Structures are given as C-alpha cells and as structure tokens.
1. Against the definition (more than 21 Å from residue 105 (Cβ to Cβ), in a loop (DSSP other than H, G, I, E, B) and within 16 Å of the chain's Cα centre (by Cα)), how does residue 39 come out, yes or no?
2. Which ones in region 122-154 are outside any strand (DSSP E or B) and either modelled with pLDDT of 95 or more or in contact with a strand residue (DSSP E or B) (Cβ under 8 Å, 6 or more places away or on another chain) (or both)?
3. Based on what the data block shows, is residue 35 within 30 Å of residue 129 (Cβ to Cβ), surrounded by fewer than 20 Cβ atoms within 10 Å (Cβ to Cβ) and in contact (Cβ under 8 Å) with a residue 40 or more places away in the chain?
4. For region 24-32, does any single residue satisfy the condition of being in contact with a strand residue (DSSP E or B) (Cβ under 7 Å, 6 or more places away or on another chain), over 16 Å from residue 136 (Cα atoms), part of a strand (DSSP E or B) and in contact (Cβ under 8 Å) with a residue 12 or more places away in the chain?
5. Out of (1) surrounded by fewer than 20 Cβ atoms within 10 Å (Cβ to Cβ); (2) modelled with pLDDT of 95 or more, the odd one out for residue 29 is which?
6. Kindly indicate whether residue 98 is assigned to a helix (DSSP H, G or I), surrounded by fewer than 22 Cβ atoms within 10 Å (Cβ to Cβ) and either touching a residue at least 40 places away in the same chain (Cβ under 8 Å) or over 15 Å from the mean Cα position of the chain (by Cα) (or both).
7. Out of the residues in region 44-71 meeting the condition of being over 25 Å from residue 104 (Cα atoms) and in contact with a strand residue (DSSP E or B) (Cβ under 7 Å, 6 or more places away or on another chain), tell me which one is surrounded by the fewest Cβ atoms within 10 Å (Cβ to Cβ).
C-alpha cells in the first residue's frame, strides 16, 4: 500500500479532530492488522472506489464516540442514540471526503460511499486480499483508530 494513501486519511482525521472538537492528536505506531474482526464497539465504514479501491474504517470505544459527538454537537450525550450515531457517521464522512480531495490532487481520483455504522465488537469486516493498516490517534476524548485497506488501481495505459 502506498504511504500517501494511508497518510491522506490519517492527516484528514487529525485535521478534522483538531478543527471540529479542538482535539490534541498524537499519532500512535502504524500496525498491520491481520484479523478481519472489529476490536472496538463503534466503527464507521466507508468504501472507496476509483483510482484507489477498498475501505476505510474509523473505530473507537462508545465512551470516545460519546465524548467526541458531545463536543462536536455542543450538547451532552449519555447514550449512543440515533443522533449520536449520525454525528459519528458524519465525522467519518467528513474525514474521508477530505482525504479523497488530497488523493485526487495526487492523481488518485475516487468516490466514497455513504458511511455505514457498525456497532459491536467482533464483527467481521473482511478486506479480502487488501492489507489493513491501522494508525491509532490518541486524543483527550480517547483513541480513534484509522484503518486503511486500500489499493491503487493500476492504469491500463488508456
């Protein structure tokens, strides 16, 4: 996987967290995830198609999600209800949209799907033959894991 693919999403996530919720973001070590199962109870999944293909996942604990959405929406959330779910899904959408602009500027135009929210640990999300790189972003709200499972589509010479 090309490093610019991963960095586009990690940098976008950092920027959105800093801008939307005034988060202090520290990047953890990059890891290769072999398991197809989610490890955190809240995951936003967005598919990417075009000159890059695959999925991007944003995973966090419910407590982290509630803290982020409470700050983002300016009201306290005690439970991960429909409005909180919508807010977290939209955050993933904004991050991925920002990253897709960077990718297009680097010669990888792409389209993104609407966000899908997965709630629960141990849900299988197979990326088949695409390796999944995971970068944890530590904030005062908790950890947001950015999972990037993308591959550049080889051009066919046309």
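1. The answer is yes for residue 39.
2. Scanning region 122-154 gives 122, 123, 125, 127, 130, 131, 140, 141, 153.
3. no
4. Step one: list which residues in region 24-32 are in contact with a strand residue (DSSP E or B) (Cβ under 7 Å, 6 or more places away or on another chain), which gives 24-28, 30-32.
Within this subset, residues satisfying the condition of being over 16 Å from residue 136 (Cα atoms) are none.
No, the conditions are met nowhere in region 24-32.
5. Result: residue 29 passes all but (2).
6. Yes.
7. 63
The values are calculated or read from the model by the stated rules, or taken from the named source; none is laboratory data. The structure displayed is predicted, hence computed values, not measured ones. Ideal geometry is used to build each Cβ from the backbone, glycine not excepted, and the neighbour counts take in all protein chains shown.
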